[in-house]
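Below is one structure, written out as structure tokens; comments come after it.
Read the figures in this text as sums done on the coordinates, not as results from a lab. From a predicted model like this one, the values you see are computed outputs, not experimental measurements. Glycine gets a Cβ as well: all are built from the backbone with ideal geometry, and neighbour counts include every protein chain shown.
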Amino acid sequence: MNIERWDRCVPVFNVPLLTKPFKLICALGALALGLVTYRELSGLGPASGMNDAYAWGIWKTFNIMVLTGLGSGGFSIGIAAWIFRRHRLHVVMRTALLTSFLAYASGLMLLGVDVGRPWNFYWVFTPWRWNLHSPLLEVAVCMPTYAMFPLLMENVPPVLDWFHKRRPQFRPLIEKAEKVMYKFYPLVVGLAYILPAMHQSSLGALMLLGGNRVHGLWQTPLLPLLYVWAAAFMGFACVAGTLLFCSLVWDRPFDVDVLSEMNRITAWIIGSWMFVRIFDIVIEGKIGLAFAMNIYAGLFWIEMLFLGVAIVMLIDSAKYKDARLMFHAHLVAAVGGMLYRFNPTTLAFQPKPGAFYFPSAIELLISVGFVSLAIAAFVWAVKNLAILPAPTYSWYQMEAREQDAKSGAALTPNYAVTDSNILL
Amino acid sequence: MSKPDFPEKQTIGKSLKNAGVSRRDFLSFCGVLMVAAPVGLSLTQKASATAIANAIGQAKKPSVIWLHFQDCTGCSETLLRTSRPDVASLILNVISLDYHETLMAASGYQAEKSLRDAVEQNAGKFILVCEGSVPTKDQGVYMKLAGRPALDVLKDIGSKAAAVVAMGSCASWGGVPSADPNPTGAVGVDQIITDKPVVTLPGCPPNPYNLLGTVLEYATMGKLPALDQFNRPKFAYDRLIHDHCPRRAHFDAGRFAKEFGDDGHRSGWCLYKLGCKGPATHAACSTQPFNETPDVWPIGIGAPCVGCTEKAVGFRIPIFQTVDIQRVTPPEALPLVHMPMGSASTVAAGLAGLIAGGIGGAAYMAASRLPGRKDKNPPPAPSSDDTADSSLQDVGGK
Amino acid sequence: MALSRRDALKKFAVGSAAAAAVGSTSLVTLSGVAHSEEPAPVAPKNAVGMLYDTTRCIGCQSCVVACAEANNLLPEAMKLGDGVHLTASDLNSFTKNIIKLYKPVDGKEYSFVKQQCMQCVDPTCVAGCMFKGLQKDKNTGVITWNSKVCVGCRYCEISCPFHVPKFQWQGFNPKIVKCELCKERLAKGDQPACTSVCPTHAVIFGKRDDLLIEAKTRIKNHPGKYHEDRVYGETEGGGTQVLYLSHVAFENIGLPKLESESVPRKYLKWQKRVYSYLAVPAVLYASMVGVINGNWKKHQEHMKEDEEKTGLRAQL
């Protein structure tokens, strides 16, 4: 791959869809769906390791509470682009929105698997039945609304582009639809920021009701704020890491300037987050807990270590345009954020003495499988739709390849300047 | 008047034989004695009924003088109430009942003379069995024997006895006459006789085998059976009714009769809520049936135990008032307040490790292909059939 | 010096952001002031409950049997499928009431403890339940579960400070199971099954106020007999309708140390303030839309320019 400037979004055109890794990912997803049937028939007990003490397992605490944090790229990058006017980030918006949508979709589908009596969920449409004080209600109303309305709408343009290009008969219709959409676009985009702000913070508010059974280093009235703030930097980390990884596996040019800007923003968000977190702990007089000789202090310091190191790596890699370090930095930042959002739900949550939880094999497979489904959908989408950013000349390369394919000329493996290997 | 003709002191075995009690009947009596007094009676420590029979058979018939005080004669009646064999004949051939107002033929002056002679002839060797409480108020005028207050009679005759046995609750601790307000100052025999041990056999009435066991132990082994702190023989009084009650399972399961005649009562459920004093009463009624017939006792017929053997319970605590349960030991089978919950299956742990390792490995391999700082270390030329597991693209360490 | 349009827009954006921040902070503070006047929830007038005295309990488990019978939690439910009956080691989907034993290793003291729903005055489970699947009766204060609206999310299970609601992990029609003070029997004027069979009256039923008086009378008449000379549940966690008198430390019989402010009241304070009338979200939304609108127009201009420059269709 080489280092260029991203101007527009271009589909992945140099790699077929059904590669071996892709088939493997689909197989994992299919396995998960099969296991879901087992869960539906025999109940949650046999299909998971959840018990009466830890009634929430990784489906809720990880796939939803953690992965939708990672899937907050649409939210945080969007705010950076649209509200703080970081124009250069617009070119990565589609990637961010797609990752967000798939993270939310797979999370919400798994939520449907996780609840014990899903047939009663229709009460979500009856406001008179709502318990307005419940943070979980806020999540249950806000998350699906967000995923199915503003986020979905924001993901529609690539689809419209595809139809516009491939089905000329729809062009007038599409242009009319776009005009209508553009009229209300700011309203939709505003919703796409206020709704995740609400439900990502409500995800944090969920563990408030754990009271003093959530360890003091995590339990704080600022939990909702810290959760949504963490979602902000996790979204950046996820999207930047995705972009780097996609550039790698599909041999696409990447834009160090955009990535450096993302690095700096991420570092700033993490830094301010850490400041607030530590300040809150000190103000509440809990700093002593961080120096106790127990696993909770250990978890806290691991978090701080990951995130502190991430800041350094982010800034350093931005300065030296070091792609390898960038990838590591975003990985470390993402892991740190995931750990923070996971801890108060499970590792730093002791519901009663003697309680222990570890997900069962089936539970793990379903969790991984749903993530695989999201990845498979992502791969399918970026290979067919213009989502991933690229320089303008990539577009011309794509069109040239299409011409060759149509005219029957021999297809060279790829049009990239440097030779690389197709991984995905 | 001529001297009464006491039968010669025979051995018990000869006496029984003369009375026509078959060996078989006698052996079965010894068997009953063994069962009735499983522990605490050195007599029955012997291995078999035969051995007991031999021991008893060779013992000399002890002389027994039986005095009645403030009694209802129930304790005498209890001796006569058996089904098979006729314990009356057994008793009268096992002990030499030299004076017994209810059973003897004599009366009036003849009776008085009988008592004097019996005491004279067996002085220092007879067992004094007392039935009924002794009034102490107003110099004991409330019960007189031939014009003498019971208090004096007891002191007199008791001083000449080898051993004293208080038969029944009244003689043991005062019994019914001592119930509030105890107008006669009724007390047990052991409050009067203080210079020698008084074996108390409380009960209203007690099981006849309690007396038999005590007497035979004395006659054959020459000593009194092991006694508890109230001088009750341990072989009969060391257990609570509750601990051996046939209805205990119902108590443990929470099945209680709540009213006489209700379904629970008809089903034979525990009578605790109707005021059964079993949990506070030491007696052997639950294991040693009256009339040698099981269920011929209050609880057996659905009447709550009134605690007739216990001084603090019988005729003191109202019949239908519940008592506290003593001697609660927690069973080992209850769950602890905090039980461990949840575990990790090896398969799951392995799988989780595999996933984490896979992601971490993929991330590392991917990163190594990215160009480093100023391309100082260009990524290695990749091989042609690399099939890295890139199942999760963006994060590691799950 | 005239402001360029760029600078003006920039200032507008910053100004809007500042306004939004100030606006929402003041709204939150205002609603905070408003809400801080809210009194703590109290038990309903006819609140009923139970008083359990560990010094009277003999561990006979009659209450466990009676509860199982009254609630149709039959032994069949306990079988593992191979004919083996399970003895419950904790409250679970077929055990609404259980007797546990506290017996430390040195065996110097021991106590039985009866565990069931504490019928809290300000229940955390009710506060968290999305569609009011768990509701507190306004008259008696008994907390009951409604199968018609429960989604099976188990939020009640993780939020209850006493770990009471239990989920049926087997089968495809799972319920949340917990003591409901035998509400059918209460409706008939009877008392709950457990209190009606206790042979020693270790657990008794009555109005919460009466039970508090009884508990305090016992404490007064036997000073030093009861731990800390107080009744657990009078103020713990905002108060519970099931009260405990214990001769051993409360933590030892599984009763957690709780503040007198209930969990929902203490921990959901800021949630309530921020979402009050949805004012804060509305203000933030309005200001965001304002900013985005300004940038949107600019973005559309850029898109047109790019389209003209490259000849390729603009991408949003």
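The simple spin-label model puts a point 7 Å past each Cα toward its Cβ; for C:Lys138 and B:Met104 those points are separated by 8.8 nm. Net charge near A:Val12: determine it from the other residues with C-beta under 10 Å of the C-beta of A:Val12, scoring Lys and Arg +1 and Asp and Glu -1. Local charge sum for A:Val12: +1. On the beta carbon distance between A:Val156 and B:Ser345, with R0 = 41 Å, the FRET formula returns roughly 0.40.
With R₀ fixed at 41 Å, the C-beta to C-beta distance from A:Thr126 to A:Arg5 puts the FRET efficiency at about 0.20. Among the listed pairs C:Lys188/C:Lys257; C:Lys148/C:Lys266; C:Lys148/C:Lys178; C:Lys225/C:Lys266; C:Lys216/C:Lys272; C:Lys114/C:Lys136, those with a Cα-Cα distance over 27 Å are C:Lys188/C:Lys257; C:Lys148/C:Lys266; C:Lys225/C:Lys266; C:Lys216/C:Lys272. Each peptide in C:176-187, B:300-311 gets a packing score, the mean of other Cβ atoms within 10 Å over its residues, and the list from highest to lowest is B:300-311, C:176-187.
Is the stretch B:70-206 rounded, prolate or oblate when judged by the Cα gyration tensor, a ≥ b ≥ c being the square roots of its eigenvalues, rounded requiring a/c under 1.5 and prolate requiring a/b larger than b/c? Here the stretch B:70-206 falls in the oblate category.
The simple spin-label model puts a point 7 Å past each Cα toward its Cβ; for B:Lys234 and A:Phe279 those points are separated by 7.9 nm.
Over all other residues within a Cβ to Cβ distance under 13 Å of B:Tyr272, the charged ones net out to +4, with Lys and Arg as +1 and Asp and Glu as -1. Going from the fewest other Cβ atoms within 10 Å to the most, the residues A:Tyr185, B:Tyr237 appear in the order A:Tyr185, B:Tyr237.
Averaged over the residues of peptide A:41-51, the number of Cβ atoms from other protein chains lying within 10 Å of each residue's Cβ is 5. Loop-only check: which trypsin sites (Lys or Arg not before Pro) in the stretch C:135-172 are DSSP coil with at most 14 other Cβ within 10 angstrom? Those that pass, being in a loop and sparsely packed, are C:Lys138, C:Lys148.
Label-to-label distance for B:Ser28 and A:Ser42 is 6.4 nm, based on points extended 7 Å past Cα in the beta-carbon direction.
What helices does chain A have that are whole DSSP H segments, at least 30 Å long along their own axis by Cα, and with mean Kyte-Doolittle hydropathy of 0.5 or more?
A:20-42, A:93-114, A:223-249, A:256-283, A:295-320, A:361-384
Computed from the Cβ-Cβ distance with R0 of 22 Å, the FRET efficiency linking C:Asn293 to A:Phe84 stands at 0.90. With K and R counted +1 and D and E -1, the other residues having a Cβ less than 13 Å from that of B:Gln139 yield a net charge of +2.
Shown here for the stretch B:87-157: trypsin sites (Lys or Arg not before Pro) in loop regions (DSSP other than H, G, I, E, B) with at most 16 other Cβ atoms within 10 Å, namely B:Lys125.
Counting, for every residue in B:350-360, the Cβ atoms of other protein chains within 10 Å of its Cβ and taking the mean gives 3.
Among the GluC sites (Glu not before Pro) in the stretch A:267-374, those located in a DSSP loop and surrounded by at most 15 other Cβ atoms within 10 Å of their own Cβ are A:Glu284.
When the helix-only estimate is applied to the protein assembly as shown (DSSP H runs of n ≥ 4, each -39,500 (n - 2.57), divided by the residue count), what is the mean residue ellipticity at 222 nm, nearest 500 deg cm²/dmol? Dividing the helical sum by the residues of the protein assembly as shown leaves -15000 deg cm²/dmol. Computed over the alpha carbons of the stretch A:114-218, Rg followed by Dmax gives 19.2, 62 Å. Take each residue in C:90-102, count the other chain C-beta atoms within 10 Å of its C-beta, and the mean is 3.
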